[in-house]
Structure formats: structure tokens, C-alpha cells
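First the structure, in the form of C-alpha cells, and then the observations on it.
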Amino acid sequence: MTSNSRKTAFNLNSKVSGCLDLYNQVPYRIATASNLLALDRDANVKHITHLDTRAIRVLLNIGSYGPINAADIAYQTRLDPYSVTRAINGLLKEGLIQAANDHSTSRSKFVELSKAGIPIYQNIANYMAKRCEDVLDGISDEEQTLLMTVLEKIELNTERMLAQNAQTLKDNGGTPTRDQSEQIRWFKRTQKT
């Protein structure tokens, strides 16, 4: 582990026994990095668009994988379905995406970039490529490959854990939230592939 000044800046609470050293907790550290990488916190992204992180992530998925429906975006991003639907509705309202099929007759509603959304997507995607280079600066190709392998394992383990927790809740007579029910479906879907 690198010598990070944050690690030495904070001492564990001496008044509480068994304190959790957050600096050494992988999920916590991933969440911290995720907070730093939030797209709407980046001044360059804010220069490209006023969209929030959720809307940008949904727009990126529509541009990269569209036409695509909300369920597939939720699965790809692991955002809760309600957030994806809100982002899609906002992007439709702003004219950055459009229906890719007849939403009045089709159960699965696909969306794609509109003419107005294409240049915003391209600008964000181009910046994302540069941003990726900056974030990975000083990390060897071998380390990057290992990082991607480890992140995939962490994602799959986390998906399994959340699905099992939601299933246990359900098995014990509880009512999982929509998001927790979606976690069960995601896990089952992942197991099929």
C-alpha cells in the first residue's frame, strides 16, 4: 500500500474498542475513489454539460450500447431502476435522447441518442478517454489488467452478496425493496451468462 497522508492524518478512535480502520477496507476505498471520480464533480465535464452524474452515466450507456432499454441500462450501470427511469425521462425532456421504437405499443421501450445528444455524448466520451489516461497515469499495463480482473471479481462478489442478502430477507418473510428485488434479478442474469 502506498504511503498516503490521509492514512497518517487520522488516528483510530481510542474511546471505542474494535474500531474499523476505513483506510484498509476495500469497499470503503472503492467508494472513496468513486466519490472522487463522480463525473459532475469534474470541472471539465461541467464545461461540456450541466447533467448530473446519473444522467451522464445513462447518456453514456445509451450512446455506447443503444438502442437500449432502461432495464439493460440499470443492469449495465448497477443504478437502481427508478434512478435510470428518472434520468431517461430527463434526457428525453431535454431532447438528448429519443424513442427507438414505438413506446405506445412496445412493452420494452428502447431509447437512442438524438441528433442533439450525439455531440454531447461524443464530447463526454472523448474526455472520458483522456480522463482514463490521467487516472491510470503511472499504473503499468500489467497492473491495469490486474486491476480490471480484481474489479470484476469485486463487482461479482458484491452482486452475489447483495442478492443473497435480499433473498434471505425475502425467505424470512420480509419484503425486499424494488432495488433489492432488482439485485436478485441481476444476480440471476449474471449467472446465466
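The values are calculated or read from the model by the stated rules, or taken from the named source; none is laboratory data. Keep in mind that this is a model prediction, so the values were computed, not measured. Every residue, glycine among them, receives a Cβ derived from its backbone with ideal geometry; neighbour counts consider all protein chains shown. Surface areas here come from the heavy atoms of the whole protein model, side chains and all, with no ligands, DNA or RNA. Shrake-Rupley method; radii C 1.70, N 1.55, O 1.52, S 1.80 Å.
Per-structure values
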read-out: Contact order relative to length of segment 25-121, as percent, for alpha carbon pairs under 8 angstrom and 6 or more apart; value: 26
read-out: 222 nm mean residue ellipticity, helices alone, for the chain (DSSP H n ≥ 4; -39,500 (n - 2.57); rounded to 500); value: -20500 deg cm²/dmol
read-out: Cα-based helix-to-principal-axis angle, 81-94 vs the chain, degrees rounded to 10; value: 50
read-out: Under 13 Å, Cβ to Cβ, from MET148 - net charge with Lys/Arg +1 and Asp/Glu -1; value: -4
read-out: Residue-count net charge about LEU91 - beta-carbon cut-off 14 Å; Lys, Arg +1, Asp, Glu -1; value: +3
read-out: Accessible surface of segment 35-180, 1.4 Å probe, proportion on carbon and sulfur as whole %; value: 52
read-out: Simple label model, 7 Å out from Cα along Cβ direction - ASP102 to ASP171, nm; value: 4.5
read-out: Å² of accessible area per residue within segment 82-193, as computed with a 1.4 Å probe and no ligands counted; value: 70
read-out: Length gained when the stretch TYR127-LEU146 is fully extended (0.36 nm per residue, less Cα-Cα span); value: 4.4 nm
read-out: Between segment 154-189 and segment 1-70, the alpha-carbon center distance in angstrom; value: 23
read-out: Counted charge near LEU37, where neighbours are those whose Cβ lies closer than 12 Å (Asp, Glu -1; Lys, Arg +1); value: 0
